[in-house]
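Just below is one structure, and these are the notes that go with it.
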Amino acid sequence: MEPVGLRVFSVLIPSLVLLLLCLDSVLGRYSEDQCSWRGSGLSRPQGTVEQVWLRCAEGSVDWLYPSGALRLSLSPRLPRGVLYACIKPSQHFGGAQIYLEKSGVLELLVGDRPPPQGPPQVRCFSATPGEDATLFLQATPHQDISRRIAAFRYELRGDWTARLSMDSQPISVEGACRPCNDSEILMAVCTSDFVFRGNIHAVELDADLRAAVIKVAVTRVFRQKFSLFSGPGGSGEVRTLLECGVRPGPGTFLFTGRAHFGQAWLGCAPRYRDFQKAYSRAKQHLHLPCQLDTD
């Protein structure tokens, strides 16, 4: 017996393909800053698919009064390899559905959900080398579209690891929570979005993301790509999986990780004295992947 989900999917996809074939014309253009796009469904002829190209690793899309369809080609200037992407719908996302277009098949990522159901969750996907990261937005019929806005943010990376909690669902809880070995710590120092030293003074719950929020007193910021932390004397927040069971306690740690939609997500976080030992051994044997101005 064919699963219900497959039957629904098999019916949905041909109807969407038929919609594409029946639309009158296709309009295409680059976004003004090649990172973000903002437009209105009322400014285009009925029955059109607007093609937009975005060339940045992160940005936003605001589709006001959705009508017809919108096709987004995401082509960031990143090193060749597997591309990891996430989209985060706005709190009041509505008026359209978002599909991942992959090898001629459309996969539903975000549905048109009424406000009482709450905001959609972050959705993530990957594209192998040679594959295009393309999103297809289809407007859903509503009698009143005056308050419908399909808005979301996107991020694309070429170097995310399983330690980043993408889609709030870890690839492997065991792998995401286990302590990093010396090689992983040293590599994290070189490749992470942030590297800083600090002390944990509280751990709280982020119910929306099902994550633990680590409140940190920052004593030194070694490096960061984005202005997430200030120190010494500053404070900050780092998120990690609830399953990792982080607890406040004494000791100084080296925090590394990734920035994800403006939030810091934990990567490797060894005790600072353990990092110093690993760094000294690697420096002595000329095995340092990169230099860090330690004290």
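Just one of (1) farther than 23 Å from VAL122 by Cα; (2) surrounded by fewer than 17 Cβ atoms within 10 Å (Cβ to Cβ); (3) among the hydrophobic types (A, V, I, L, M, F, W, C) trips up VAL218, so point out which.
Here VAL218 clears every test but (2).
Can you tell me which residue among SER25, SER75 is surrounded by 13 or more Cβ atoms within 10 Å (Cβ to Cβ), over 30 Å from ALA211 (Cβ atoms), small (Gly, Ala, Ser) and at pLDDT below 85? Spell out how you get there, then give the answer.
Values: SER25 fails: surrounded by 13 or more Cβ atoms within 10 Å (Cβ to Cβ).
Residue meeting the stated conditions: SER75.
How many of the residues making up region 248-268 are part of a loop (DSSP other than H, G, I, E, B) and modelled with pLDDT of 95 or more?
Keep residues of region 248-268 that are part of a loop (DSSP other than H, G, I, E, B), which gives 248-252, 261-262, 267-268.
Pick out the ones that are also modelled with pLDDT of 95 or more and you get 252.
The qualifying residues number 1.
The values are calculated or read from the model by the stated rules, or taken from the named source; none is laboratory data. Because the structure is predicted, anything quoted here is derived from the model rather than measured. Every residue, glycine as well, gets a Cβ built from its backbone with ideal geometry; the counts of neighbours run over all protein chains shown.
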